[in-house]
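Structure first, then comments.
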Amino acid sequence: MPFEPKEPQKEIKYSEMRIYTDEELNNYTEEELKNFKIKHDIPDLEELEKGPWPSFVSDAKQGALHRRKLADDRMLIDRDVIEDMLGQLQVSFDEGETHWKHGGIVGVFGYGGGVIGRYSDLPEKYPSIAHFHTIRVNQPASKFYNTDFLRTVCDMWEYRGSGLMNLHGSTGDMVLLGTTTEQLEPIFFELTHELGQDIGGSGSNLRTPSCCIGKARCEYALYDTQALCYELTQYYQDELHRPAFPYKFKFKFDGCPNGCVASIARSDMSFIGTWRDDIRIDQEAVKAYVAGEYVPNAGAHAGRDWGKFDIQKEVIDLCPSKCMAYEDGELKIDNKECVRCMHCINVMPRALKPGKDTGVSILLGAKAPILEGAQMATLIVPFMKAEPPYDNIKEFIEKVWEFWMEEGKNRERLGELMQRFGLPKFLEIIGVPPAPHMVKTPRENPYIFWKEEDVPGGWSRDIKDYRARHKR
Amino acid sequence: MALSLERLGKYDPKDPQKNRLTDLGPRHFWQYFPPVIQNNYGNWAYHEVLEPGVLVHVSETGDKVYTVRCGGARFMTVQHVREICEIADKYCDGYVRFTTRNNIEFLVDSEQKLDALKKDLQSRKFVGGSYKFPIGGTGAGVTNIVHTQGYIHCHTPATDASSMVKAIADELFEEFQSMHLPAKVRVSMACCLNMCGAVHCSDIALLGYHRKPPIIDHDVISQVCEIPLAIAACPVGAISPDKTPEGKKTVKIKNERCMFCGNCYTMCQALPLSDKEGDGVTILAGGKLSNRISPPKFSKVVVPWLPNNFPRFPEVVRDVKKILNAYAQDANKYERLGDWAERIGWEKFFEKCGLEFTEHLIDDYRLAYDTWRTSTQFKYTDAAWNVSKAVGGID
């Protein structure tokens, strides 16, 4: 095992942890489910049971029936939570407006995030969801689980919450939807003591970091996304739980420029795997692709007849930097001209592999439109080695944070601060030399903010001296 | 070791610090890898999509792992998760994984185990008739639609999320289960501009949007909000201090400046925006995240507003299909939707998709000029002739 968690983690056995018996878990028949009506009229929701795509309504109804048939002492929040949630959803459809109140500050002692307060604004009509708070549970890197863990979470959450959840929320957490204020601390104690599992981020702190599947099941992973994600999540636990930032801050870890976790669009600090040596070519495998023995693009286009694979048209001509040629049965790549877009590798994964001298590009400042419009991350560090214990990466992170915490206004994301200060000033503050790699083009106006020290003689001049040369 | 049955469990409200464990972080990932993943970590040689939704990854050692990818609603009950566990126990030695786009992945280490797993997954349906575990979401098709909470659990939405996604996914089910598009098409949904789902770089993005300025709750605003924060929250400076006739502190809003971002409501609960007639759906298209061939790019607004026609959003479904069909027919192999639109020109995009171009689609916010055309390179469409006629350029 190449990695060890900081604290040894006890193995979870569902058989020892479980709350519910098999009979309780299977307490309804298919027939009962078919005839089951929840206590509210939900015609629009029932319409959403039709069609082939998995219906969240059908699922919610099975949860509601299951709850209805459990004994009174087998759950600690109201039995009707799911039914009331569905009832309120139907009313929201009827009225075209949400019925969840704005905010409400709840949480667990000593943490400033991970729990989101939620209250219904129709508590008389739907009393069981009067309090319906969310708990974000920090998912294991790249979202692999075993069933002992998941089943234990399910029992705990059915007993102390609504039994409704998201796998997963947009930032990556396992999201538990709907419990009362009273149960927040008990749930946190169950999570930490029994499941060895912490909650995630919310508010103005480090949000739960997330990563792609990486080396676990992808040949393109150019650094160990899980290991880096885990290490930084553990190393920055304080920042994750105790808000000290101007606003939210997200790390995301993409193993290659294909960008499966969307770090370039969705994280304040985006780590994207890259390489600096040559693409490895297996010329025999290239020939096999050309001959039609291997299916191009790993079979991803197999649903349509696109004709015979044409390496010139499909690879060479589509190369964005035009650094490839296929001559006399041999593929040539001018690697110093390559921009590592991954297209050729994606099309011929059995013939081409990224280089072996790998690391990360670091890009900063992506965010959704609130407030000044959406931003994509800007390339700041073209290449950095990414090897444990990742001290170089931590040092860079802390330089950026220091600046943002010093200068960032309330609710100002890093990307907005970079815009307000300007990229040149930002680079100077974090001590990164400027490079053409950071811009699409050089500036198109000459309005340079020259500094006094840039200009020989400084800016203090005497008008008399000037007038001695130029009459008024 | 067992889960507690006590009402307050291990928590002692008299001494909240007693036995409190903090800063544990997530559980370590390694323990959740099935043996074939542990044994081949970092040694994968190549992969292949065997059929829609089924992948094989081959290791340098020759080991193989087969993955069956299933769509799912990201909103699940514990009963559904337990069913996922039952399948994982039966076929996958108790391991299961979820993708960034809310798909469920079942992994097996031999082809023999694959058939039984697939058959089982395909056979499971909810009593309402929908599939519990539809197989697909790989390659040049439409994979699961990522989305936000909507009316199920959020206080700021301008539409619902789960219902819209269900409506669209039902209609694009064939594209989920096949790979006949020119490239992958990522559809994403966010129920307000806060974009928990950050849909701004998707091939097709569906966005809930308000169209009425906030209503001011004069009676309570000074008690429930920090008025200066509410004023500062407005990016267009539309909010300023005011007094009620009774002399209470409140705010006034220049409605004509408002672009309905809702940031004021996020900061101040006395400024709600939601409204049945005002709220609806904006469609954006042509964004991408990958660096493949062309750099990542933002999605562009192509339909300014459609009504919240619950529960199946027929107008939204119609326009999404228009875009998808035009793209499927016209784009080159490997060409993402945004690359296609740029190659043919956005004027052709509107023509081929049969979408109306209105003044709402011309940027007049920050950096708007960057999107104006400063060239004589264009293609003739009816929209161009309309301009010519309007200015007396042609009869």
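Here are the criteria: (1) exposed (fewer than 10 other Cβ atoms within 10 Å of the Cβ); (2) at pLDDT 95 or above. Tell me which single one A:Asn445 does not satisfy.
A:Asn445 satisfies every listed condition except (2).
Checking the condition over 35 Å from the mean Cα position of the chain (by Cα) and within 7 Å of chain A (Cβ to nearest Cβ), which residue from B:Tyr11, B:Tyr46, B:Tyr32 passes? Let's see the steps before the verdict.
On the way: B:Tyr46 fails: over 35 Å from the mean Cα position of the chain (by Cα); B:Tyr32 fails: over 35 Å from the mean Cα position of the chain (by Cα).
Within the list B:Tyr11, B:Tyr46, B:Tyr32, the selection yields B:Tyr11.
Filter region A:232-241 for residues that are more than 7 Å from chain B (Cβ to nearest Cβ) and within 16 Å of the chain's Cα centre (by Cα) and give the result.
The answer is A:Leu232, A:Leu240.
When the residues of region A:252-294 are filtered to those that are in contact with a helix residue (DSSP H, G or I) (Cβ under 8 Å, 6 or more places away or on another chain) and more than 17 Å from A:Ala221 (Cβ to Cβ), which remaining residue is nearest to the other protein chains (Cβ to nearest Cβ)?
Top of the filtered list is A:Tyr294.
Of the residues that make up region A:316-330, is at least one crowded, with 21+ Cβ neighbours inside 10 Å, assigned to a loop (DSSP other than H, G, I, E, B) and not hydroxyl-bearing (Ser, Thr, Tyr)? Walk me through it before giving the result.
Here is the first cut: in region A:316-330, the residues crowded, with 21+ Cβ neighbours inside 10 Å are A:318, A:324.
Next, only the ones that are assigned to a loop (DSSP other than H, G, I, E, B) stay: A:318.
Within this subset, residues satisfying the condition of being not hydroxyl-bearing (Ser, Thr, Tyr) are A:318.
Yes - at least one qualifying residue is present in region A:316-330.
Would you check if B:Ile231 is in contact with a strand residue (DSSP E or B) (Cβ under 6 Å, 6 or more places away or on another chain), assigned to a helix (DSSP H, G or I) and modelled with pLDDT of 95 or more? Quick ask: steps written out before the conclusion?
Working: in contact with a strand residue (DSSP E or B) (Cβ under 6 Å, 6 or more places away or on another chain): yes; assigned to a helix (DSSP H, G or I): yes; modelled with pLDDT of 95 or more: yes.
Yes.
Can you tell me which of A:Ala386, A:Ala366 is touching a strand residue (DSSP E or B) at 6+ places or on another chain (Cβ under 6 Å), away from every other protein chain (no Cβ under 12 Å) and small (Gly, Ala, Ser)? Walk me through it before giving the result.
On the way: A:Ala366 fails: away from every other protein chain (no Cβ under 12 Å).
Exactly one of A:Ala386, A:Ala366 is touching a strand residue (DSSP E or B) at 6+ places or on another chain (Cβ under 6 Å), away from every other protein chain (no Cβ under 12 Å) and small (Gly, Ala, Ser), namely A:Ala386.
Filter region B:198-229 for residues that are touching a Ser or Thr at 6+ places or on another chain (Cβ under 8 Å) and of a type in the set (Val, Ile, Thr) and give the result.
Once the filter is applied, which keeps residues that are touching a Ser or Thr at 6+ places or on another chain (Cβ under 8 Å) and of a type in the set (Val, Ile, Thr), region B:198-229 yields B:Val199, B:Ile204, B:Ile216, B:Ile221, B:Ile227.
Of all residues being outside any loop (DSSP other than H, G, I, E, B) and exposed (fewer than 10 other Cβ atoms within 10 Å of the Cβ) in region B:347-381, which is modelled with the highest pLDDT? Just the residue, please.
First pass over region B:347-381, keeping only residues outside any loop (DSSP other than H, G, I, E, B): B:347-353, B:359-361, B:368-371.
In the following step, the residues that additionally are exposed (fewer than 10 other Cβ atoms within 10 Å of the Cβ) were identified as B:359, B:369-370.
Numbers: B:Glu359: 97, B:Tyr369: 89, B:Asp370: 89.
Per the criteria, the residue is B:Glu359.
So A:Tyr247 fits all but one of (1) touching a helix residue (DSSP H, G or I) at 6+ places or on another chain (Cβ under 7 Å); (2) aromatic (Phe, Trp, Tyr); (3) away from chain B (no Cβ under 11 Å); what number is the exception?
(1)
For residues in region B:254-311 being out of contact with any helix residue (DSSP H, G or I) (no Cβ under 8 Å at 6 or more places or on another chain) and not in a loop (DSSP other than H, G, I, E, B), which is surrounded by the fewest Cβ atoms within 10 Å (Cβ to Cβ)?
My answer is B:Glu256.
What do you reckon, is B:Asn102 closer than 30 Å to A:Phe93 by Cα and at the interface with another protein chain (Cβ under 9 Å from one of its Cβ atoms)?
So B:Asn102 fits the description; yes.
Any residue in region A:71-88 that is buried (at least 21 other Cβ atoms within 10 Å of the Cβ), within 31 Å of the chain's Cα centre (by Cα), free of Cβ contacts under 8 Å to residues at least 60 places away in the same chain and within 11 Å of chain B (Cβ to nearest Cβ)?
Checking region A:71-88: at least one residue is buried (at least 21 other Cβ atoms within 10 Å of the Cβ), within 31 Å of the chain's Cα centre (by Cα), free of Cβ contacts under 8 Å to residues at least 60 places away in the same chain and within 11 Å of chain B (Cβ to nearest Cβ).
Table: residues versus (1) within 13 Å of another protein chain (Cβ to nearest Cβ); (2) buried (at least 21 other Cβ atoms within 10 Å of the Cβ); (3) farther than 21 Å from A:Ile12 by Cβ; (4) in contact with a helix residue (DSSP H, G or I) (Cβ under 7 Å, 6 or more places away or on another chain).
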| residue | (1), (2), (3), (4) |
| --- | --- |
| B:Val78 | yes, yes, no, yes |
| B:Phe98 | yes, yes, no, yes |
| B:Ser110 | no, no, yes, no |
| B:Lys113 | no, no, yes, yes |
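The values are calculated or read from the model by the stated rules, or taken from the named source; none is laboratory data. Not measured: the values here are computed from a predicted model. Here the Cβ is made from the backbone with ideal geometry for all residues, glycine too, and neighbour counts use every protein chain on show.
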